[in-house]
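Visitor: To start, I am sharing the structure in question, which I have written as structure tokens.
The values are calculated or read from the model by the stated rules, or taken from the named source; none is laboratory data. Keep in mind that this is a model prediction, so the values were computed, not measured. Here the Cβ is made from the backbone with ideal geometry for all residues, glycine too, and neighbour counts use every protein chain on show.
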Amino acid sequence: MKKNKIKILFVSHEFSIGGSTVSLISLIQGLKKCSDIEIQVLIPQKKEGLAQKEFCKRKISFKTMLYRRNYKRISEKYRLKFHIFDILNTFASLKLCKYIKKEKIDIVCSNSTGVDIGARAAKMAQVPHIYYVREFMEEDHGCEYRNKKRMRDLLEASDYVIFISKAIQEKYTRLYKLKKYTMFFNGFILDDYIIANHVILQNDKLNIIQIGALSDGKGAMNSLKVIKQLRDIGINNIHMEFVGTGIPEYVNAMKQYIQNNNLEQFVVISGYSENVKEKIALNDILLMNSRAEGFGRVTVEGMLGGLLVIGRNSAGTAEIIQDGQNGILFDNDEQLKNILIKILENIEEYCSIAEYGQQWAIANFNYKDVGIKFKNFIGL
């Protein structure tokens, strides 16, 4: 008799392509190797976005439904928009519950704590629920759950919780009484990121790239100020590229700082890029200046691309970078400045660190391994 497949529904909070969605795609690609699992993804309904295009490209089954995220920026007031979001999410939870029953979904997995309709619907439909916790919220994004009591109830009611770093696990297990949890890093579809024989630190200029949101939490202005400090002591063979977007006020403040300090030849803000690998290929160093990175996909992307990775000694970044072996850690802006000066003085040593970092990342972040860990944890 043929065994029925286990049906897993992943619920995403993004219609774009953020780190959470990229990590989900890697996980699904790993699980696709399992012939006994059938996968579908639920994404918020909107005019066709990048997530839909990527799922189509990867031949991943998906469904759309009208719902929205369950958090807001800490600085935001509880506006009318959020009341509407809450009403939408209540109706979406009921609709999703019916869908789970109709399609005989066996397991629901919420891909982020930034969405709660999956957990609510799974509870009503009485099917097991998994929460993937990929973010600190307050510390890294400056955000908070709109309904903190509900999130506590949903997290504590979840059958399984998966963390992507020890730092996030320590925070959430301190705050909540969870039933069953584990931690394993995100996986990567290696061929999408590896740049073989990437020659770095051989040009006249030291080319640095910082990828991600332009915000205080990501240390964008800190990085900018370090470039100015290097210029102030006469170091001109340096170039910094910021790849990402941010709220207009913050980005404008960065642009004003660049203009006021005559840094136009040394710094560029290039905005969001769909082809990060192409950007990495043009640089020598990846800078991760986030104060509380949940995991740091970009850190690993830099390693896989053959860059020398320099990261702030905190949270998830400190779990990935082994100082002096596969990358370099720093504690403050002064240390970062001195590290960049040392690199200019001793290129060969730092090229070796980058080479080892690439091999280490290849050995430790294969998406196939994450699929196995996921399956074993939930007992499939």
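Visitor: Condition first: surrounded by fewer than 16 Cβ atoms within 10 Å (Cβ to Cβ) and either part of a loop (DSSP other than H, G, I, E, B) or in contact (Cβ under 8 Å) with a residue 60 or more places away in the chain (or both). Now tell me which residues in segment 50-61 satisfy that.
Guide: Residues satisfying the conditions are 50, 58, 59, 61.
Visitor: Out of 270, 290, 223, which single residue is under 17 Å from residue 207 (Cα atoms), among the small types (Gly, Ala, Ser) and touching a residue at least 40 places away in the same chain (Cβ under 8 Å)?
Guide: Of the residues listed, the single one that is under 17 Å from residue 207 (Cα atoms), among the small types (Gly, Ala, Ser) and touching a residue at least 40 places away in the same chain (Cβ under 8 Å) is 223.
Visitor: Please go through (1) closer than 29 Å to residue 246 by Cβ; (2) buried (at least 18 other Cβ atoms within 10 Å of the Cβ) for residue 64 and return the number of the only condition it doesn't satisfy.
Guide: (2)
Visitor: I've got another one for you. Residues of segment 338-374 being closer than 30 Å to residue 34 by Cβ, in contact (Cβ under 8 Å) with a residue 60 or more places away in the chain and in a helix (DSSP H, G or I), which ones?
Guide: 358, 361, 362, 364, 367, 368, 369, 370, 371, 372, 373, 374
Quick grid of which residues meet (1) in contact with a strand residue (DSSP E or B) (Cβ under 7 Å, 6 or more places away or on another chain); (2) on the phi > 0 side of the Ramachandran plot; (3) assigned by TED's automatic domain parsing to the domain that holds residue 76; (4) crowded, with 20+ Cβ neighbours inside 10 Å:
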| site | (1), (2), (3), (4) |
| --- | --- |
| 155 | yes, no, yes, yes |
| 159 | yes, no, yes, no |
| 167 | no, no, yes, yes |
| 181 | yes, no, yes, no |
| 198 | no, no, no, no |
| 204 | no, no, no, no |
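For (1) under 20 Å from the mean Cα position of the chain (by Cα); (2) small (Gly, Ala, Ser); (3) not assigned by TED's automatic domain parsing to the domain that holds residue 222, each residue gets a yes or a no:
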position	(1), (2), (3)
317	yes, no, no
320	yes, no, no
331	no, no, no
337	no, no, no
345	no, no, no
352	no, yes, no
370	yes, no, yes
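Visitor: With (1) closer than 30 Å to residue 236 by Cα; (2) out of contact with any Gly (no Cβ under 8 Å at 6 or more places or on another chain) as the list, and residue 217 as the residue in question, which single condition is left unmet?
Guide: Unmet condition: (2).
Visitor: Starting from segment 300-326, keep only residues that are farther than 18 Å from residue 22 by Cβ, then list their pairs with residues that are buried (at least 24 other Cβ atoms within 10 Å of the Cβ) and acidic (Asp, Glu) whose Cβ atoms are within a distance under 6 Å, requiring at least 6 positions of separation or different chains.
Guide: Close Cβ pairs satisfying both conditions: 315/293.
Visitor: Could you tell me which residue of segment 84-139 is surrounded by the fewest Cβ atoms within 10 Å (Cβ to Cβ), considering only residues that are part of a loop (DSSP other than H, G, I, E, B), modelled with pLDDT of 95 or more and among the acidic types (Asp, Glu)?
Guide: Residue satisfying both the conditions and the ranking: 106.
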